[in-house]
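Let me begin by presenting the structure, written as structure tokens, before commenting on it.
Computed from the coordinates by the stated procedures, all read-outs in this text should not be read as laboratory data. Remember, predicted model here, so these are calculated numbers, not experimental data. Glycine gets a Cβ as well: all are built from the backbone with ideal geometry, and neighbour counts include every protein chain shown.
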Amino acid sequence: MVVKGKKSKNPPIMSHEFVIQNHADIVAVIAMIFMLGLMVESLHPLASSFIAMSHNMTYPDLGLNGNDLVLFRPGPKDMLAVFFYSLIMVLAHAVIQEFLLDKVNKKLHLSKVKFAKFNESGQLLSFYVFSVTYAANLLWESFNMEGGYLKFLAALWTGYPEQHSIMPWGLKLFYILQIAYWVHVFPELYFTKVKKEDMSAKIQPAVMYLVCIVAGYVMHYQRIMLILLSLHYLVEAVFHLARIMYFLEKNQIAQGGFKLWNILFMLARIVSVVLSVLTFWFGMGRVEAENPDGGSSVVTRAGALSAVCLLQAWMSWNFMTFHMRRSKDAAPEVKEQKKSTKATNGTSKKKQ
């Protein structure tokens, strides 16, 4: 029986509150259904389409030690994999929130605004560190193995698009996880009860990431995009780490992190533009001159280059306006501090 005047702690089944409170368990059950499908022979092909990487091509005797070499292409079945791994991202989000961020938040006693920013930085820092580590491992393996797809800088454009349309298993999984993460942002708006006025700040970057990553993945720009994403994620990881240190009241580390972020941000923008110009305009331009029917047209190259440059310019503009706004907000505080110091100096002189 429910006592009058008190609300039941357990919301009705399949209500909005029930789904929000138990969304991690619901998603885990759905993911387990796909995993169990691998054990049933009749359901194995369907389940593997969601879990395994599809559109593979086997090259006999071209792998290490004379084994078969398996490479992958982008294809429509990748949408099934994105759906499954977006469920995994929702689970990872819930685990990080419950077992890490919530425990730290209980000790900090932050306000609602700082609480939301701390959670956002904690989630993004986890993803950025994972992505940079994964990308660095891919670059290291490619650099050290024979015939690596990024052994030399010229590999960013040599053999485009035939050699760039196929990729190793690890590289394809990297992009599937990237797309799945930014797709999972949209259901998280519902699960975390984000207010309408705060939705645009979360939807806008997610849409931009999705458009850029999917376009580069489909147009076979995976190699240059791997480096550009690594640079950008590394800078963003420094920023969110510094912001977390600020919330933890470790001001010296936070100030040093923000200064490092200011330097790395502009360096990353410059390096991204230089690499894009070198790859899309000069490198692939030479490929097009040698093979006019190869698919590396001026229109696609110019479109990709202009998109990268405009994106870097937009981020630089936001960076400058952010610092200008901060300097304007800090100006009244500086004036008040000067007035207070003058007043205290005047009173001390009078006493003397």
Using a Förster distance of 51 Å, the FRET efficiency for VAL113-LYS151 (Cβ separation, nearest 0.05)
0.60
Rounded to 0.05, the calculated FRET efficiency for the beta carbons of LYS106 and TRP140 at R₀ = 51 Å is 0.85
Cβ-based charge dipole, the chain, positive-most Cα from TYR209, ASN56, LEU248
LEU248
Using the Karplus equation 6.51 cos²θ - 1.76 cosθ + 1.60 (θ = phi - 60°), what ³J(HN,Hα) coupling, rounded to whole Hz, does each residue of segment 112-121 give in order, writing x for Gly and Pro?
4, 5, 5, 4, 5, 5, 5, 4, 4, 5
With the chain treated as a Gaussian network of Cα nodes joined by springs under 10 Å, which of VAL194, VAL207, VAL90 yields the largest mean-square fluctuation?
VAL194
For VAL70, distant residues with modelled amide H under 5 Å away:
TYR59
If the viscosity is 1.306 mPa s and the temperature 10 °C, what translational diffusion coefficient in µm²/s does Stokes-Einstein give for segment 197-284 when Rh comes from Kirkwood over Cα pairs?
107
By how many degrees, between 0 and 90 and to the nearest 10, does the Cα long axis of helix 298-351 differ from the longest principal axis of the chain?
20
Pairing the Cα long axis of helix 78-96 with the longest principal axis of the chain, what angle in degrees results, from 0 to 90 and rounded to the nearest 10?
30
Over the chain, what lengths in whole Å, largest first, do the semi-axes of the equivalent ellipsoid take, defined as the square roots of 5 times the eigenvalues of the alpha-carbon gyration tensor?
43, 33, 17
Given the DSSP H assignment, sum -39500 (n - 2.57) over each helix run of at least 4 residues in the chain and divide by its residue total; what's the result at 222 nm in deg cm²/dmol, nearest 500?
-24500 deg cm²/dmol
